[in-house]
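Below is one structure; the comments refer to it alone.
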Amino acid sequence: MRGRIEPLLDPLGRGLAALRLTPTKLTLGGLAVVVVASWLIAAGDLALGGWLFLAGSALDGLDGTVARVTGTASRKGALIDSVADRAGEIAVWGALATWLAYEPRWVLLCVLALGGALLTSYLRAKAEAIGADGRGGIVARGERVILLTVGLVSGWLVPVLVLAALLIWATVAQRFLIIWKRLEA
């Protein structure tokens, strides 16, 4: 899906670059918005926190577009982006677990979803470190952001948490098997 969306985002990326917004500024700005969203979520303002989480994630998601259209993509930028993505996910899932602390089962779902999200990213990184393509699976970061946002803003948080945890762990298994098969080739 990313390949189909990228050409549509290029004009936006050029516009952001014209405003002197660098990929790193977008990454760190997106993370700052996600941290504020996390604070709101922990305080119980789920809808506003959800919308800010989506906005911060979208802002962060444009860093690669700006890097691509300006020819400034770098390994250091990729490292900053990856760390910021994981930090944002930890902040949001941690905030949600804090808000749901009255019910240990829902906290466990948050921890399981976060663990699966981190393991999904780890599998890609490990595969790439050993020379294999580590992409694949049904629920990547973008889908996780959308799922969690829907749960936060719709009021259907618990069913979405259950669905998210199941889909995230299905993605872990799927990505592991995809990478395993690629390593056999």
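The values are calculated or read from the model by the stated rules, or taken from the named source; none is laboratory data. Treat the numbers as computed from the prediction; the structure is a model and nothing was measured. Neighbour counts are summed over all protein chains in view; Cβ atoms, including those assigned to glycine, are modelled from backbone coordinates with ideal geometry.
Some observations on this one:
- Test: residue in the stretch 79-87 that is in contact with a Gly (Cβ under 8 Å, 6 or more places away or on another chain) and in contact (Cβ under 8 Å) with a residue 24 or more places away in the chain: yes
- Set side by side, the residues L118, L112, L79 differ, and just one is over 25 Å from P23 (Cβ atoms) and out of contact with any Pro (no Cβ under 6 Å at 6 or more places or on another chain), which is L112.
- Scanning the stretch 172-185 for residues that are part of a helix (DSSP H, G or I) and either closer than 20 Å to C110 by Cβ or of a type outside the set (V, I, T) (or both) returns V172, A173, Q174, R175, F176, L177, W180, K181, R182, L183, E184.
- Taken over the stretch 85-130, the criterion of being under 17 Å from the mean Cα position of the chain (by Cα), of a type in the set (F, W, Y) and either surrounded by fewer than 18 Cβ atoms within 10 Å (Cβ to Cβ) or modelled with pLDDT under 95 (or both) is satisfied by Y122 alone.
- Screening L8, L26, L54, L59 for residues that are farther than 21 Å from T98 by Cβ, hydrophobic (A, V, I, L, M, F, W, C) and touching a residue at least 40 places away in the same chain (Cβ under 8 Å) leaves exactly one candidate, L26.
- Filtered by the rule that a residue be within 18 Å of the chain's Cα centre (by Cα) and aromatic (F, W, Y), the stretch 159-185 gives a lone residue, W169.
- When residues in the stretch 138-158 are screened for being under 14 Å from the mean Cα position of the chain (by Cα) and surrounded by 20 or more Cβ atoms within 10 Å (Cβ to Cβ), 5 of them pass.
- Search result, residues across the stretch 82-127 that are more than 21 Å from V33 (Cα to Cα) and polar (S, T, N, Q): T120, S121
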